[in-house]
Structures are given as structure tokens and as C-alpha cells.
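Every read-out reported here was derived from the displayed coordinates using simple, explicitly stated rules and does not represent laboratory data. Here the structure is a predicted model, which means the values were calculated and not measured.
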Amino acid sequence: MIILDEIDSVGIKSFSEHDSRNEETNGILTMIDKIEREKLDIIVIGITNYPEKLEPALVRSGRLSNKIEFSFPTEEEVGAMVDYLRQISEKSYKSDRVQWSERFWQEVKEITVELAKEKVSLVLVDLQQIIGLILAQACQENSSIVKPQSEDYRTILEKKVQEKTRKNEANEQISKLFKSFRLKKEVGEGKISRFVEKAIIKELDDYNRNIEEKQKEFQKKLIADYKRDADSKTLRKEDEI
């Protein structure tokens, strides 16, 4: 089995007949055709959130023509994912210092189900990272017992949701560009010039660059927030002493 994750990053459609940027796409097409021609016992699966970006030749009959759509999870499915998150987290961070509580996981489940309604494509890895971050934050409190707090989980998850929302909005604009130019091509308005295609590619690059910069800013801000919160808690403890 061959799995091509985020296939839209390489199987992107071209707006002109001659495009050196499509070498990756041509390679995928050649591979799929060889598998089909030689009747090899291989299954090729492409994964994407943006099927409208794909080169039509890639999804025609005999290639990646069978489509299976996965919708956003239900509340029950999100709850089951949090249950699994609990299992792997308590196993990964098994220590006498870490004190997990039933209340913490119940609140984490409620928070996750609530924010999942935003439909921003958060995955299990995102939630695992958040658990790691709140444990790191709890360790900075210089306590012999580490108690993860659901409030910290909510704060970080809300920031991730905001970041994902901005990224999704950018991708939505990109998708509209592709749909617009594909429609023009289909109704016979003539070939799109190389100049226009370069303009589109530049806009896509600008979007991606902007997203990367925002992600870096978000990470820096997150670290700064942690340090500030840790310093504030340390000062409060000194005042109490």
C-alpha cells in the first residue's frame, strides 16, 4: 500500500500546457499507470482536504477515481478520541510526580467537544502536544507533585483553534482561486496566460509564507506566555512566604 498524504501539495493542477512545477505530478501519474498496466498488487491512496486543487488527470478513471469522504467527528467520536488521548498520555507520562485526576479528564473532554464544533480540523497529535505543554508548564511551578490543569488545556486549545481558523480561511481563498480559473477554462474563455499562472503561484506562495510566519509568531508568543505565567506564580509564592 502506498499512501500519499496531502497529495494536493504535489498533485496540483496546472493552468498552462507547459509547467516545470508539475514534475512531481507526472511522476505520480507514471507510477499509478505502471501499477495498473502491470497489474501489481499495490493500492495507492491519496489524502487531501482540497480535492478541487488536484490535477484532473490524477483523479480520472483508472487512477485515483474512487473517493471516500470523511466528515468531521460526532460528539461521541470526539469523546472517544479524548478517552484514547488519556490512555496514551497516562502511559507516556507515567511518573509518581504526575497526578492525573478524573475531574481533569472529564473537563478536557467537555472542552474538546465544545471547541470541536468550530470544525477546524484539529487532530490527535495537536491534543497530545497540548498535554505535553501543560505538563511542562506545571513542572515549572517547582512542586513535588505535577497536577495538570484543565484551564491551561483550554487556553492552549483555544489558541490552536484560532490559528487553525486563520489557516483554513487562507486555504478557502486559495480554493476559490482554483475553482474560479477552472470554471473559466471549462466554459471556453481561452487558455490562461503564463503571466496569470505565475501570479496565481505567487499568491499561493504568499499565503503559505504568511501562514508559516504566523505559526512561528504563535509559538514564540506561547513560550513567552508560559514564562510570564511561571514568573508570576513564582512571585506570588514568594509573597506568601
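Taking amide hydrogens as modeled 1.01 Å from N in the peptide plane, which residues meet the under 5 Å criterion relative to GLY46, leaving out close sequence neighbours?
LEU4
Work out from phi, with θ = phi - 60° and the Karplus expression 6.51 cos²θ - 1.76 cosθ + 1.60, the ³J(HN,Hα) of each residue of the range 110-115, listed in order in whole Hz, and give x for Gly and Pro.
Karplus values, whole Hz, x for Gly and Pro: 5, 5, 5, 4, 5, 6.
Using each residue's phi in the range 90-98, evaluate 6.51 cos²θ - 1.76 cosθ + 1.60 at θ = phi - 60° and report the 3J(HN,Hα) Karplus result to the nearest Hz, with x for Gly and Pro.
Karplus-based 3J(HN,Hα) across the range 90-98 equals 5, 7, 6, 10, 6, 7, 5, 7, 7 Hz.
Among the listed pairs LYS119/LYS147; LYS91/LYS164; LYS53/LYS109; LYS91/LYS117; LYS34/LYS164, give every one whose C-alpha distance is greater than 32 Å. Present the calculation step by step, with values, prior to reporting the outcome.
Details: LYS119/LYS147 29 Å; LYS91/LYS164 28 Å; LYS53/LYS109 35 Å; LYS91/LYS117 28 Å; LYS34/LYS164 38 Å.
Listed pairs above 32 Å: LYS53/LYS109; LYS34/LYS164.
Tell me, what HN-Hα J-couplings in whole Hz come from the Karplus equation 6.51 cos²θ - 1.76 cosθ + 1.60 at θ = phi - 60° for each residue of the range 150-156, using x for Gly and Pro?
Using θ = phi - 60°, the values come out as 5, 5, 5, 4, 4, 4, 6 Hz.
Per 5 Å bin, what is the whole-percent P(r) computed from every C-alpha pair distance within the range 29-176?
Calculated over all Cα pairs of the range 29-176, the distribution is 2, 8, 15, 15, 13, 11, 10, 10, 8, 5, 3, 1, 0 percent.
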